[in-house]
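The values are calculated or read from the model by the stated rules, or taken from the named source; none is laboratory data. Everything quoted here is computed from the prediction, not taken from an experiment. Every residue, glycine as well, gets a Cβ built from its backbone with ideal geometry; the counts of neighbours run over all protein chains shown.
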Amino acid sequence: MSLVIEIIIAVLIVTGSAFALIAALGVLRMPDFYMRMHAATKAGAFGSLLLLMAAALYFGTLRAVLTSVAVIVFFYITTPVAAQTLAESAYRRGIKLWDRSLVDRLKESGEIPPTKDSKKKL
Amino acid sequence: MFFEDISTIIGAALAIALCFLLLALGVALWRIVRAESDFDRVIALDLIGGICLCCLVVFAIGFNQAVLLDSAFALAVMSYLGTVAFARYLERGND
């Protein structure tokens, strides 16, 4: 394995795990549930993408590359779906937006009415 | 063995990556313990699934075992199903 490939793999590994750490810090520090979800899903998925690319480069066999691409594609399909489902149910349950956020298009359009028991304490 | 037959550059990168991932796991666990609502806990749990996937990939490189990538795929599937199930359960409420 040449030195250039090793350096590329090392940079991919460090950047990917740094993105995972940034996702965790975003979950800790963001002021709002929806912002926290945004930080966790996008940065976490990007970090695992970088690490899986590093693994595919490191092993170099067809099987490892195919497995890495399959995990990347599956993760990038399912993470937004899970986040969307969770955000929709949180909005129905009446989780408040940050008090300094400006627009709430769902409230204006009235497409997702809160359920009856949304005032109930979670 | 970990770090066996591996170059110095990749070994140092793996050590740094493991430190970062451990710190991220700690932060997400702290978020689960001190959360404002149950939805925050589900988000942190989803993030822990992603971080565990990252840890599996790092172990796959470190132990030179490409089989661990398959278990990363299984972990991605289970994490997605768990998050969707928790979302449906929390939407329904206590009744």
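Here is a check on your reading of the model: is residue B:40 in contact with a Lys or Arg (Cβ under 8 Å, 6 or more places away or on another chain) and either at pLDDT 90 or above or of a type in the set (Lys, Arg) (or both)? When the stated conditions are applied, residue B:40 passes them. Just one of the listed residues (B:13, B:66) is in a loop (DSSP other than H, G, I, E, B), within 7 Å of chain A (Cβ to nearest Cβ), without any contact (Cβ under 8 Å) to a residue 40 or more places away in the chain and on the phi < 0 side of the Ramachandran plot, namely B:66.
Of B:37, B:7, B:71, all but one fail to be at the interface with chain A (Cβ under 8 Å from one of its Cβ atoms), of a type in the set (S, T, N, Q) and closer than 25 Å to residue A:59 by Cβ; the exception is B:7. Return a yes/no flag: does region B:24-32 have any residue that is of a type in the set (Val, Ile, Thr), over 30 Å from residue A:86 (Cα atoms) and modelled with pLDDT of 90 or more. Checking region B:24-32: not a single residue is of a type in the set (Val, Ile, Thr), over 30 Å from residue A:86 (Cα atoms) and modelled with pLDDT of 90 or more. Residues that are touching a residue at least 12 places away in the same chain (Cβ under 8 Å) and out of contact with any strand residue (DSSP E or B) (no Cβ under 7 Å at 6 or more places or on another chain) number at least 3 in the following helices (runs of 4 or more DSSP H) confined to region A:1-111: A:3-29, A:33-59, A:62-92. Applying the condition of being closer than 13 Å to residue B:44 by Cβ and more than 7 Å from every other protein chain (Cβ to nearest Cβ) to region A:30-73 and asking which residue is farthest from the chain's Cα centre (by Cα) yields A:30.
Give the residue, chosen from B:45, B:56, that is in a helix (DSSP H, G or I), touching a residue at least 12 places away in the same chain (Cβ under 8 Å) and in contact with a Leu (Cβ under 6 Å, 6 or more places away or on another chain).
Working: B:45 fails: in contact with a Leu (Cβ under 6 Å, 6 or more places away or on another chain).
The unique qualifying residue is B:56.
Scanning region B:78-87 for residues that are at the interface with chain A (Cβ under 7 Å from one of its Cβ atoms) and free of Cβ contacts under 8 Å to residues at least 40 places away in the same chain gives B:80, B:84. From the list B:35, B:76, B:87, B:60, the one residue that fits, being modelled with pLDDT under 95 and under 12 Å from the mean Cα position of the chain (by Cα), is B:76.
Quick one: is residue A:15 within 10 Å of another protein chain (Cβ to nearest Cβ), modelled with pLDDT of 95 or more and touching a Leu at 6+ places or on another chain (Cβ under 9 Å)? In short, yes.
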